[in-house]
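Below you'll find the structure, written out as structure tokens, and then a few comments.
The values are calculated or read from the model by the stated rules, or taken from the named source; none is laboratory data. Only a predicted model underlies this, so the values are computations on that prediction, with no experimental measurement involved. In this analysis, Cβ positions are derived from the backbone assuming ideal geometry, glycine residues included, and neighbour counts consider all displayed protein chains. Side chains included, ligands, DNA and RNA excluded: accessible areas come from the protein's heavy atoms. Shrake-Rupley method; radii C 1.70, N 1.55, O 1.52, S 1.80 Å.
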Amino acid sequence: MEPGKISERQLAFLMTTVLLTTVIFFMPQLGAHAVEQDAWITALIATVWGIFAALLIVALARRFPGLTMIEYLPLILGRPLGIILGLLYAFWFLSVGAFITREFGMFLNITIMNNTPVAVFMFTALILAFYAVRSGLEVWVRVNELLLPLLILSLIAWVRVNELLLPLLILSLIAIIVLPVTFMDFRRLLPIGEHSIGALIATSIPSASWRGEIILAGMFIPALTGFRHTTRNINIPVILTGFVLAAVEVATVAAFGGISTGQLEFPLFNLARLISLAKIFDRLEVLIVGV
């Protein structure tokens, strides 16, 4: 792949897309299944682990400027062990990609095209991914800048906002909770902290592992045009994802209850199906599928 050069803002957008698309759609049910109404707490705990990973990857990038994560591992651990670990990371990248591709196919199969084989969606996604990689990093991060606002708009129930992350965060927290509010009973979130600290931390680990996708930034930092605010721009996607996931957990548990949320395949999709504004804006879950 031709790496090209990208800005720190483009990297932040890219990492936001990576984290949101894998965490928001697939993690809410896991937390609710384990700790029910306390799932939103585990989302915040997982954010702490994600911040640690982000700080580590930035520190290593500063220590080995111009090198990707795979390239500086042999310098840290020695050539044999570094190469082995680099191969394990490469396998991790492939396994994560395979899992996400499978989940993408299942999502479309379950939600809109029940009679279409999952393999059709997976094959289509792989063709698009192959084309994107051949186009080079600089091309697809620019395309991502166009697609990320669409993704965010689907998560915040299509409130019109600009591309600044803080307003997106605030509006997402408000919109996800407010739009289907007539279906919510916030007493379902009580009692808060019913589960032990050990149970909450243990439940946060699967979400934290996906938040660990931020280490992908270690492959892209050498392509940055500047390195002035990299720490901030790498941590913003982690923190944003944590708060959005916590908001989704609150909204889905309030709407469906902890037990039911844990049994849903795609809680966010089911939450969107509840939205009906003046009987004019209905079936907005179609937009989530489109995005």
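Mind listing the long-range amide H neighbours of I6? Cut-off is under 5 Å, sequence gap 5 or more, other chains count too, H placed in the peptide plane at 1.01 Å from N.
It is L224, T225, by chain and number.
Return the distance in nm (one decimal) between the two label points of a simple spin-label model at L75 and A59, each offset 7 Å from Cα along Cα→Cβ.
According to this spin-label approximation, the distance is 1.7 nm.
Checking a compactness column here: for segment 51-122, what do you get for Rg(Cα) / (2.2 N^0.38 Å), N being the number of residues? Could the numbers behind the result be given before it?
Numbers: Rg = 18.0 Å, N = 72, 2.2 N^0.38 = 11.2 Å.
Normalised Rg, Cα atoms only: 1.61.
Around W92, what is the net charge, scoring Lys/Arg as +1 and Asp/Glu as -1 over all other residues with Cβ under 15 Å from its Cβ?
Taking every Cβ under 15 Å from that of W92, the sum is 0.
Given the Cα-Cα distance of E265 and R102 and 0.36 nm per residue of separation, how much length would full extension add, in nm?
Values: separation 163, 0.36 × 163 = 58.68 nm, distance 1.38 nm.
Contour length minus Cα-Cα distance gives 57.3 nm.
Just subtract the alpha-carbon distance of A119 and L67 from 0.36 nm times their residue separation and send over the number in nm, one decimal.
Values: separation 52, 0.36 × 52 = 18.72 nm, distance 3.63 nm.
Here the answer is 15.1 nm.
Order Y131, Y72, Y89 by their accessible area, 1.4 angstrom probe, all chains in place, largest first.
Correct descending sequence by accessible area is Y131, Y89, Y72.
Around N233, under 11 Å between beta carbons, what's the net of Lys plus Arg minus Asp minus Glu among the other residues?
Net local charge, N233 excluded: +2.
Applying 1/(1 + (r/R0)^6) with R0 = 30 Å to the Cβ-Cβ distance of F130 and R9, what FRET efficiency is obtained, to the nearest 0.05?
0.70
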